[in-house]
Every structure is written in structure tokens, then in C-alpha cells.
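Worksheet for the structure shown next.
The values are calculated or read from the model by the stated rules, or taken from the named source; none is laboratory data. For clarity, every value in this text was computed on a predicted model and none was experimentally measured. Virtual Cβ from ideal backbone geometry, glycine too; neighbours counted across all protein chains shown. In case anyone asks, the SASA skips ligands and DNA or RNA and just uses the protein heavy atoms, side chains included. Shrake-Rupley method; radii C 1.70, N 1.55, O 1.52, S 1.80 Å.
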Amino acid sequence: MRQVWIEKFGRPEVLRLREAADPLPGPRQVRVRVEAIGVNFADVMGRLGLYPDLPPKPVVPGYEVSGKVDAVGAEVEPDWIGRDILALTRFGGYSDTVCVPEVQLATRPADMSAPQGAALPVNYLTAWQILEVMGGLRAGQTVLIHSAGGGVGIAALQLAKRIGAVTIGTASGGKHDALKRLGLDFAIDPSKEDFEKGVKEYTRGRGVDLVLDAVGGKSFRQSYRSLSPTGRLAMFGLSAAASGKRRSWLRALWTAARMPWFDFTPTRLINENKGVFGVNLAHLWDEIERVNGWLDALLQCWSRQEIAPLISATFPLDKAADAHHYIQDRKNVGKVILIP
Ligand SMILES: NC(=O)c1ccc[n+]([C@@H]2O[C@H](COP(=O)([O-])OP(=O)(O)OC[C@H]3O[C@@H](n4cnc5c(N)ncnc54)[C@H](OP(=O)(O)O)[C@@H]3O)[C@@H](O)[C@H]2O)c1
């Protein structure tokens, strides 16, 4: 099999393709011949050495794949063999062959392409957890989606539209037309204008009911201030720490220093009628049955044509570095996929 490894932290070019013997599925596992791999911003953070969950180097990154099952381990029904699937992987996804616990698999619908299958799990589960499970977004409410052109951003936009919410998104200016065509009601370029001011103007001073913020640093504070009474802020990432293509401790510390460590006090939350919560899908492995319930709901949304993963670009597996450049150059509108 061929895999892409992080052997050291640094620029995208540190990603190295290596060959190894095909793995054999262990008990309760299946082996997947991978047809598409989802690239996530977490992989970029991992490559930069800014992702605390990354196992020790050398490590194969990658949280999601789609492909075909070609072997099963003990205690797994053999009728999985030959089925098209999508799967969550706990690292190891940047590979043309992976062994995955059966519990992390779902059958891929016949009308869903392999790239769409690899684009769905992480982005849509994260957006689902925020909008449906914890954020309680309702029809007629307004949601602010940061990095609206990213994988989670597009997933959140589609799920918010399905609910009937009004959508405001931040994104680089070049993505605004595409986002409006996808149904975004109001776009803000945070590199050109203060998003807090833009939100207040658009909502006539009221603020929004829910914010999805994975930018972090001072953005969390501004997002909190953008909430209306009864509004909720979802914090789920720190992309501001990844400003360059090499790790910069200075930048990471600067981002951390500007976090609202002492802002959301109990008295302030009580008196302002606001909620703040955190999401980390990668810390829900012990709740996988629940997460699978969310995935089932998402696959039903797919069958009703309420969601459709948008593929921004595909790269061959041996060009994983180019895929990371593409994301860090802020070019993607939708998901970036590797094809083995
Ligand atoms: N906690 C969780 O469970 C969880 C799960 C999935 C994702 N996340 C987080 O959600 C965020 C988005 O992830 P994703 O996979 O959807 O992203 P993605 O598809 O890789 O898109 C990233 C987009 O984020 C924007 N961005 C903001 N700051 C950036 C920076 N410093 N460098 C480069 N791009 C930056 C860029 O769009 P613009 O130029 O248009 O702003 C870029 O196109 C990340 O912070 C990620 O870690 C968290």
C-alpha cells in the first residue's frame, strides 16, 4: 500500500509518500481499498505541529475515506466485502488501503461519488453537532458562519438553509459570488472589514442567534459580541494559529494570548442571556454510536437532496503537499480531496 506520512513538522513538502505491505484487518475491522480521502484543516495543523491530538511522528494523518471493502476481520459479517463505504479513520486516512473498525463505517449510497463520500463525514458531522445537537438553530434565526467557503462552512451553510435560517458568512472576497450562488444571504470579507460591524449592520443591531467560529484568538471575543440575547457561540478550532506554511510558535502564542480566557464569566453569561460551547468531533470516539446516529440522519438528508458535499479540488495522493498549499493559500470553496 501507499501512504503519506508526516515525518517532521514544516512546509507542505514534508509530507512523504512511502510504501508498505498491505495491512490485514484485525477483529471487528474491515479493510478498505480507498478511492478518495478527505483533507481537513486539522491535517494542516498536524503537519505544522500545532495539533495536540496528533500521535507521535512519524504518523499518517487523515480522518476520513471512502472506498470499497475487500477483506473483513474476525467477528465481522463477510457481506461487507465488495460494498462501497465511507468511513471515519482515527488518523491513517492518507493511504490507498486502510483497516477501519466496522463501527466507523457506513454504506455509501449508490448515487454518491467516492469523493463526495470522503467529503461528508468530518465536515457534516461537525456542522450537525453544532447546528442541530448543541446550537439548536431554528427556522427564521440568523447564523454567522466563519470560513464559510471551507468544508465545514459549506456543510453548515447547506444545513442552515435546510433548517430555514438566515445565513451570514465570512470568507475571502473571491469566494463571495460562489457562496451567494450556494444560498449565502450576506457575505463579509474579514480581511477587509470588521465582521462584528458588518453583522450588527445587517441584523440592524440585534446580532445573530448562533456563531460557528473555528478561527479562534480574538475572533471568539468578537463573535461573542455579535450574538443577540439568547445567542450561542460554538468554538471549535484555531485556524488563526496557522498563519504561515511553517510552524510559528510566536503566531500560535499570539493567537492563544488573544483568546477570551477571562471574558465569558458566569455572571456575564447570565446577565447577557448568552451561551458558549465547544465542539471537538475527534474527542467523541467513545460516543461513536451517537455519532453514527447523526451520520444516519445526514445520509437521509442526502437522500432527500438537502445536502450535497461540494468538491473544490482533487489531487493525487502523491501530491498531498499541493492539496495543503491549496488550502493554506485559501483557494478552496468546498472540500479538498486526495485520490490514491
Ligand atoms: N472541532 C472539530 O471537531 C472540528 C472539525 C472540523 C473542522 N474543525 C475546524 O474548522 C475549521 C475549518 O476546517 P475545514 O476543514 O472546514 O477547513 P478547510 O476546508 O480546510 O478550509 C479552510 C478555510 O479556512 C479559512 N481560513 C481561516 N483562517 C485560515 C488560515 N490561517 N489559513 C488558511 N485558511 C484559513 C480559509 O478561507 P477564507 O480565506 O475564505 O477565510 C480556508 O479556505 C478549522 O479551524 C478546523 O480545525 C474543527
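Quick look at the values:
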| quantity | calculated |
| --- | --- |
| Two-site FRET efficiency, Ile81 against Lys57, from Cβ-Cβ distance with R₀ of 45 Å, rounded to 0.05 | 0.85 |
| Semi-axis lengths, Å, the chain, gyration tensor of Cα atoms, sqrt of 5 times eigenvalues | 33, 22, 18 |
| Residue-level accessible surface for Ile6, protein heavy atoms, 1.4 Å, Å² | 0 |
| Net +/- balance of residues flanking Val276 in space, Cβ distance below 13 Å, scoring K and R +1, D and E -1 | +2 |
| Label-point separation, Ala20 to Thr107 (7 Å along Cα→Cβ), nm | 3.1 |
| Global geometry of the range 92-211, whether rounded, prolate or oblate, following the gyration tensor of its Cα atoms and the 1.5 cut on a/c | prolate |
| Measure of compaction for the range 300-340 (Cα Rg per 2.2 N^0.38 Å) | 1.39 |
| Dimensionless Rg ratio for the range 109-175, taking C-alpha atoms and the 2.2 N^0.38 Å reference | 1.14 |
| Relative contact order, percent, the chain [alpha-carbon distance under 8 Å, six or more residues apart] | 19 |
| Counting all C-alpha pairs of the range 6-148, share separated by more than 18 Å (%) | 61 |
| Amide N proximity, the range 130-174 versus Asn273 label position 7 Å along Cα-to-Cβ, cut-off under 18 Å | 136-143 |
| Taking the C-alpha atoms of the range 257-340, convex hull volume expressed per residue in Å³ | 218 |
| Modelled FRET efficiency - R0 35 Å, Glu289 with Asp263, Cβ distances, 0.05 increments | 0.50 |
| All-pairs Cα distance distribution in the range 190-340, expressed in whole percent, bin size 5 Å | 2, 8, 11, 13, 17, 18, 16, 10, 4, 1, 0 |
| GNM top mover of Pro190, Pro27, Pro61 - the chain, alpha-carbon springs below 10 Å | Pro27 |
| Protection proxy ranking, peptides 78-86, 127-135, 38-46, average beta carbon neighbours within 10 Å, highest first | 38-46, 127-135, 78-86 |
| Which listed pairs, of Lys57/Lys175; Lys57/Lys335; Lys245/Lys274; Lys68/Lys175; Lys274/Lys331, have C-alpha distances above 32 Å, in listed order | Lys57/Lys175; Lys245/Lys274; Lys68/Lys175; Lys274/Lys331 |
